């Protein structure tokens, strides 16, 4: 029997199959979209990192550039100050040039004292460091601060001659305790002289800050103060001769030059430069002492610092006395007063003299540019034993130092360079210390 077979037409795909296809399509699309999205995120992150890196590099370069510019500016400022210093130096030198001093002929002064022989200033000793002493040690050194050992007395305290435990002869200053000012003076002197070392400054050997005691230990200067020799308390005292006065003037100028130009930090303004603070050793080499009132300069315009007016009447620069504005030129004025003392033998203020002659600077300044009047001003104790040419030049230097206007005063460097040729021109120098004084047999060239 024949069986009829009917082949049914192909039916459309089942709905589930179509759906699967659609889902696969959407899934593929999603993957592509997701990959594209992730790729976009990755690109944005890379760009962000790149931008941040570039900004960081730019900032780093900017900082380096700013540091470089600041250094250049500082260097330019220093060069400017150096040029200004040279300009002032040249101006002052032109001002002093009227004394006919040839600066280029200045000799090399080794050691600072051209005394001849082996009695000149020796090279400064190696710094051994400032020692700390107990009160008991200094009490033993001075014989329990015996009155027999007193070598100086003033408002600052009492100075004793003492022998330290190692045999060193020293000057031991016992400071009066006057509140904060006395303590400040002690600290300033210890701080400065512990750092400043020059053959023209009295050496600080040590100090004592034992409980309430405040003492300073200095090298011993056997010939005492310049005040003692220029203004002696007894008639029998022998006056210093002309050559010694010139050398003392040079030593003092070099001391102030060191403070103003070479101290660290610079400048140091002494603020109380006077005859009693100039000490003389066995060879009459001068050294500056007493730094209790010293001030360290600042970076302010013109180097001015405002401070309370302290110092000694007759030595104070007029602008400092009236306004409290302190500069290195204040020291220059004080130096000029000491130079006038060396020249005339007079004290800065003497009310016992006739009217018009009470104040040394006011009396001397109008006369310093007149040769005949300068001759009349000379210390009678010199007995005419001096070089008239040198006298005129010293008078001219003193005149510029005590100018009422600070800007017209020279730098101490200029003063040093003006004095050196005068020392060189001393025709002969005796190696005998007795030649430091005048006698009837001493020649003018001694």
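None of 337, 309 is in a helix (DSSP H, G or I), closer than 30 Å to residue 219 by Cα and under 25 Å from the mean Cα position of the chain (by Cα) except 337.
Taking region 367-388 as the range and being closer than 13 Å to residue 239 by Cα and part of a helix (DSSP H, G or I) as the test, the residues that pass are 380, 381, 382.
On the given criteria, is residue 154 in contact with a helix residue (DSSP H, G or I) (Cβ under 9 Å, 6 or more places away or on another chain) and surrounded by fewer than 14 Cβ atoms within 10 Å (Cβ to Cβ)?
yes
Screening region 244-274 for residues that are modelled with pLDDT under 95 and more than 26 Å from residue 318 (Cβ to Cβ) and picking the one that is surrounded by the most Cβ atoms within 10 Å (Cβ to Cβ) gives 262.
Here's the yes/no breakdown for (1) surrounded by fewer than 20 Cβ atoms within 10 Å (Cβ to Cβ); (2) free of Cβ contacts under 8 Å to residues at least 24 places away in the same chain:
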position	(1), (2)
279	no, no
284	no, no
287	no, no
297	yes, no
314	yes, no
317	no, no
356	yes, yes
366	yes, yes
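The values are calculated or read from the model by the stated rules, or taken from the named source; none is laboratory data. Everything numeric in this text was worked out from a predicted model, so none of it was measured. Note: ideal-geometry Cβ built from the backbone for every residue, glycine included; neighbour counts use all protein chains shown.
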